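Taken together, the values in this text are just the output of simple stated rules run on the coordinates, not laboratory data. Not measured: the values here are computed from a predicted model. Counting neighbours? That spans all protein chains shown, and the Cβs are built from the backbone with ideal geometry, glycine included.
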Amino acid sequence: MNEMSEELAGILDLPKIELHTHYEGAAPPAFIRGLAQEKNVDISKVFNADGSYAFKDFVHFLSVYEAATTVLKSPEDFKRLGLAILEEAASNGVIYMESFISPDFCGGGDVDAWRDYLAAMEEAATEAERDFGITSRGIVTCIRHFGPEQAKTAALCAAETAGGFITGFGMGGDENQGNQRDFAYSYDMAREAGLKLTTHAGEWRGPQEVRDAVNDLRVERIGHGVRAAEDAALVDELAEKGVVLEVCPGSNVVLGVYPDWKSHPIDVLRRAGVKVTVSTDDPPFFHTNMRNEYLNLANTFGWDAEVFTEIAKASANAAFCDEDTRTQILKKLEA
Ligand code: ADE
Ligand code: ZN
């Protein structure tokens, strides 16, 4: 094996900021298997023979994801999961992380139950900050294929617990179901509660979906957004408006949005002046972590420490946190 260059080793060790991860999607398979055993739940179909998550395409991924999530049954489970996620991220040099958390998987949209789950996740965040030096925040997330009515219960949970740890509202799930504007009521509720907004768009559907996200939901960040690259006028508009893309290249390659790293548009978007950031989405599902994303970006596009530092700063500036926290993380990036 070639010895890694000193420059590349330095890049992998840079402090990192991650704005797009799904709490349940960051659960290591061994963690989920352990809980399934404890609770006597049969979720064998979730795993390959080698113990990794088994899925053949995006829709199958979503169903396996939801099956794995069924073993997360209590606030305590979410606290343990949070500690595991944050320890792993910190070991990859992540100093600040935002995670999507779904009331649908934490009490089914009931506000009182949600408060209990949220308290447990906040405990994990506080302990992880103390023990692993990683700061984190939560983005309450509705699930698109559960529909607009269900999304309102997530938005209500978000609005009722906005402030402090909960800084944003978002939407994940199957982008091929319904339209962004179907969720405008929920986004209005979240905005009025003072939350910052993001939505998955332009991962599966084309540029129009990204336009809809900006115009119909008035988000300031877009989850993925990569297919905007197919429309030059939209790319210019995103650059001009300063809309931030939460790009997850490894996720896109594993799920087949792009056939390989070379074909991924992150560098084209960046060169066109779009604010791109880098995240892992659901790291164990996609056999990735932030060091691996950095490694592939450096090897594929020749990004040097200067580019990665610029991206980390853009990420800090796009973080859904209070200004004191932003100042602190920017200071850590400079150190
Ligand atoms: N939920 C978890 N990962 C997702 C992804 N990549 N796209 C949409 N919803 C998701
Ligand atoms: Zn995502």
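What length, rounded to one decimal in nm, is gained on full extension from ALA113 through to GLU3, with 0.36 nm per residue of separation minus their alpha-carbon distance? Please report the intermediate quantities before stating the final value.
Details: separation 110, 0.36 × 110 = 39.60 nm, distance 5.12 nm.
Roughly 34.5 nm would be gained on extension.
Estimated purely from DSSP H runs of n ≥ 4, each contributing -39500 (n - 2.57), the mean residue ellipticity at 222 nm for the chain is -15000 deg cm²/dmol once divided by its residues.
How about segment 197-301: which trypsin sites (Lys or Arg not before Pro) there lie in a loop by DSSP and see at most 14 other Cβ atoms within 10 Å? Provide the component values of the computation, followed by the final result.
Values: sites: ARG205, ARG211, ARG218, ARG221, ARG227, LYS241, LYS262, ARG270, ARG271, LYS275, ARG291; in loops: ARG205, ARG218.
Hits after loop and neighbour filter: ARG218.
Let me know the shape class of the chain, please: from the alpha-carbon gyration tensor, a ≥ b ≥ c as square roots of the eigenvalues, rounded when a/c is under 1.5, otherwise prolate if a/b is greater than b/c, or oblate. In terms of gyration-tensor shape, rounded. The 3J(HN,Hα) values that the Karplus relation (6.51, -1.76, 1.60; θ = phi - 60°) gives for segment 172-181 are, in residue order, x, x, 7, 4, 7, 9, x, 10, 4, 5 Hz. Gly and Pro appear as x. Averaging the sequence gap over all C-alpha pairs within less than 8 Å and six or more residues apart, then dividing by the number of residues, gives the chain a relative contact order of 19 percent.
For the peptides 326-335, 11-20, the ranking by mean Cβ contacts within 10 Å, running from highest to lowest, is 11-20, 326-335.
One Cα centroid belongs to segment 257-331, the other to segment 193-225; the line between them spans 18 Å. A simple count of charges around LYS331, restricted to other residues whose Cβ falls under 14 Å of its Cβ and scoring Lys, Arg +1 and Asp, Glu -1, yields 0. Here's how it looks for PHE100: its modeled amide H is under 5 Å from those of THR21, HIS22, TYR23, ILE139, which are all 5 or more places away or on a different chain. Given axes a ≥ b ≥ c from the Cα gyration tensor, I'd like to know whether segment 277-324 is rounded (a/c under 1.5), prolate (a/b larger than b/c) or oblate. It is oblate, given that a/c is not under 1.5 and a/b is not larger than b/c.
Residues with beta-carbon under 13 Å from that of CYS157, excluding CYS157: net charge, scoring Lys, Arg +1 and Asp, Glu -1?
Working: positive: ARG115, LYS152; negative: ASP104, ASP110, ASP112, ASP116, GLU160.
Computed value for this residue: -3.
Cα gyration tensor of segment 61-183, axes a ≥ b ≥ c as square roots of the eigenvalues: rounded (a/c below 1.5), prolate (a/b > b/c) or oblate? The shape class here is prolate. Across segment 145-154, computed HN-Hα scalar couplings (Karplus, 6.51 cos²θ - 1.76 cosθ + 1.60, θ = phi - 60°) run 7, 7, x, x, 5, 4, 4, 5, 5, 5 Hz from first to last residue, x flagging Gly and Pro. Under a Gaussian network description of the chain, with springs only between Cα atoms under 10 Å, the residue in ASN299, ASN179, ASN40 that fluctuates furthest is ASN40. Taking 7 Å steps out from each Cα toward its Cβ at ASP260 and GLU127 produces label points 4.4 nm apart. Close amide H partners of ASP13, meaning residues 5 or more places away or on another chain with modelled amide H under 5 Å apart, do not exist here.
Phi-derived couplings, Karplus 6.51 cos²θ - 1.76 cosθ + 1.60 at θ = phi - 60°, listed residue by residue for segment 257-265: 5, 10, x, 7, 4, 4, 7, 6, x Hz, with x used for Gly and Pro. Share of pairwise Cα-Cα distances greater than 20 Å in segment 35-101 is 42 percent (whole percent).
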